[in-house]
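The structure under discussion appears below in the form of structure tokens.
The values are calculated or read from the model by the stated rules, or taken from the named source; none is laboratory data. It should be emphasised that the depicted structure is a prediction, and the values quoted were computed from it without experimental measurement. No Cβ is skipped: glycine too gets one built from the backbone with ideal geometry, and neighbour counts run over all protein chains shown.
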Amino acid sequence: MRQIHLFILFLFLSFSSFSQTYTIIDNRAIKLHQEGDEFVQKRMYDEAIAKYKASISREANFLESYLKWGRILLTKGLPEEALEIVDRGLARNVKAPAGLLGEIAWLKTHCFLKIGGYNSAIQEFDNTKALMPAEFKSTRPFKEMEQQIDFIRIGIQEVYDIKKEKLAEPLNQFTLQYFPVLTADSKKMLFTKRDGVTNSEHEDIFVSYFDEDSARWGEPRGIASSINSAYNEGTCTISADGKILIFTSCQTPDSFGDCDLYISYKVNDEWQKPSNMGKSVNSRVWDSQPSLSADGRILFFSSNRRGGFGGKDIWYSLRMGDGSWSEAKNLGSKVNTPKDEVSPFIYFNNEILFFASDGHLGFGGIDLFISRVEGGEFGKPVNLGYPINDHQDQLALFITAQRDFAYYTETILNDGNQERSFLYKFRFPEQIDLGEKLMVTAGKVLNKNTGEPVEAKLSLVDLATDSKMYQFQSDGRTGDFTMLYPNKASSGLYVEKKGFLPKIYNVDRDSLQNQENLNVELTPVAAGEEFTFENIFFDFDKDELKQESSTSLRRLIGFLNENPSVKIEIAGHTDNIGAEVYNKDLSLRRAESVKQYLISNKINEGRLKTEGFGSSKPVVPNDTSDNRALNRRITISIL
């Protein structure tokens, strides 16, 4: 904030260089005024104001002293008082030269922008242009202001209908609470809690759970003793399933710089001891404000390290196959500017990035922007518009997976200094496209024989392209899992654990979307056990495997390689449409197609047996088209 104020003062000094005459002739008043200017050069602002006041006491019409006094007030973050002072001067001296009136209008334009008086700012600037020296109109400050005014002129005509709402008690009970993040089911909120506004005050990560019965957030508490410590822990991010936590900690003994990023994993429902993310991610300076992609594979964060475009930039790191993190890379010049880009938030679909910046064109202060993936990289950012953005600093935006609410932090200032900060929310405008709708499915993975929880891998796969969209893990202590995924017509869920038969779903046909209590029962590998081999596709009346079958076939190969002593029977089944002799032959031919695929991928033929049952073993009555579809299947039995 101080850098912004000093920059504003520089703008005023550069403009005033075009006009060095005075509107009065009292030498004593002029000397006091010039002594005030000397104090300004030394950044002794209170002393400078005293001199300007003294010059006005001697000569009440000394408009230049009102102007300089007003500039200092704006530099100190007091735009309302600055307006009051210059208006008082104008009331005393309405016949000032055009150049001086232009300088006052320039100051008032800045003041109106600082308080969100956009129409007044536009009017002042329009009046200013005719009064400005030609030399000043060619400078960067003037051109940047002209561009911003034109942007605001259009921006305030396209207003989103939103209502900002402060989160109710027991939240917002601390002096400062900021950077809210939620899990994919929107039932768990994490935020940074701080006891006061000074740098010596302690930061911790707090968590609150949403109670559906009361429709209220519960009493916030420290996330875990393994996370919060005697050092500062804050500005965190959590994976969609709530199993990976990355947070900022400053001045810790094992840190590389001022603030580093740390990672912790939730194992058996408990957060493990966090570890520094290492030199590939952290630097010797400030690294903070992380945002983890829903699947936990990409980390975005803000850093002021060398190698960027100036100020704070957004960087990213990829999670490697062995769990390590790649060397952090700058996100590039489309997103980053010579000024500051902070508080990144990657939306749950991994294709939309939100961030805050004072380097892109905005409504004043720090605005929120959106950048979408275009051709494999993030495209030109777009301002989120008014009144999501306004004259104040907008930071720490978080949008739920359900797209209903956006959460953010709002800061209360007193004399330009932070006094309190609170958690707010608003309904996110539907006009802002967030891509295809996302589904959230939650439940447990259990041992079918014992009912005990199982720590299993859950993979969501696009069957059309055989590409893994997301991967999640169930908790070994509770069996709980939460998945988030796009609503694609052709996608499969694969639940796998060594020593168990795989459980395979077709997301659409099995209606998994937005289920909250999906019990996945895994069967231990044993002779006589059977599972339905989902997502094996044939054209009507054909026995050739379709391309969409690749995902399930590869997983069956993996299962057989993982269990080299296991022999299986591949059985084909049909519905009851058509002659039974033909159906039995078709079902056998389809089972043989699966067998030949396995043999072609180095599975020993001696481990494979086939059978065709036709329509003799239906799992449901053949009385509807949906039921007949369920009966047309491939099953795998352990021999």
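Of note:
- Members of the stretch 246-284 found to be over 23 Å from the mean Cα position of the chain (by Cα) and β-branched (Val, Ile, Thr), listed by number: THR252, VAL267
- No other residue among PHE531, PHE559, PHE538 is over 35 Å from the mean Cα position of the chain (by Cα), within 26 Å of GLY296 (Cβ to Cβ), surrounded by 15 or more Cβ atoms within 10 Å (Cβ to Cβ) and assigned by TED's automatic domain parsing to the domain that holds LYS602 apart from PHE559.
- The residue that is nearest to ASP466 (Cα to Cα), among those in the stretch 477-498 that are modelled with pLDDT of 90 or more and not charged (D, E, K, R), is GLY492.
- Residue that is touching a Phe, Trp or Tyr at 6+ places or on another chain (Cβ under 6 Å) and of a type outside the set (Lys, Arg), where the choices are ASP254, ASP295, ASP269, ASP260: ASP295
- Among the residues of the stretch 531-556, those identified as in a helix (DSSP H, G or I), under 12 Å from ILE636 (Cβ atoms) and not basic (Lys, Arg) are SER552, LEU553, LEU556.
- Within the stretch 90-147, helices (runs of 4 or more DSSP H) holding 2 or more residues that are outside the structural domain of ASP390 (by TED's automatic domain parsing) and in contact with a Ser or Thr (Cβ under 6 Å, 6 or more places away or on another chain): 98-115, 118-129
- Residues in the stretch 372-399 that are crowded, with 20+ Cβ neighbours inside 10 Å and polar (S, T, N, Q) were compared, and the one that is modelled with the lowest pLDDT is GLN394.
- None of THR574, THR551, THR610 is among the β-branched types (Val, Ile, Thr), outside the structural domain of GLU496 (by TED's automatic domain parsing) and over 23 Å from ASN506 (Cα atoms) except THR610.
- Filter result for ILE603 (at pLDDT 95 or above and part of a loop (DSSP other than H, G, I, E, B)): yes
- The set of residues in the stretch 477-507 that are surrounded by 15 or more Cβ atoms within 10 Å (Cβ to Cβ) and part of a loop (DSSP other than H, G, I, E, B) comprises GLY479, LYS488, SER490, LYS497, LEU501, PRO502, VAL507.
- So LEU493, is it touching a residue at least 60 places away in the same chain (Cβ under 8 Å), of a type in the set (A, V, I, L, M) and assigned by TED's automatic domain parsing to the domain that holds ALA456: no
- Selected residue [of a type in the set (D, E, K, R), assigned by TED's automatic domain parsing to the domain that holds SER371 and out of contact with any strand residue (DSSP E or B) (no Cβ under 6 Å at 6 or more places or on another chain)] from ASP204, ASP295, ASP211, ASP258: ASP211
- Test result for PHE559, closer than 24 Å to ASP508 by Cβ and not charged (D, E, K, R): yes
- Whichever residue in the stretch 114-153 is among the β-branched types (Val, Ile, Thr) and more than 27 Å from the chain's Cα centre (by Cα) and, among such residues, is surrounded by the most Cβ atoms within 10 Å (Cβ to Cβ): THR128
- Residues of the stretch 154-191 classified as loosely packed, with under 14 Cβ neighbours inside 10 Å, of a type in the set (Asp, Glu) and outside any strand (DSSP E or B), total: 3
- Among the conditions (1) acidic (Asp, Glu); (2) under 24 Å from the mean Cα position of the chain (by Cα); (3) at pLDDT 85 or above, ASP466 misses just one, which is (2).
- Matching residues in the stretch 330-373 - criterion: being among the charged types (D, E, K, R) and part of a loop (DSSP other than H, G, I, E, B): LYS334, LYS339, ASP340, GLU351, ASP358
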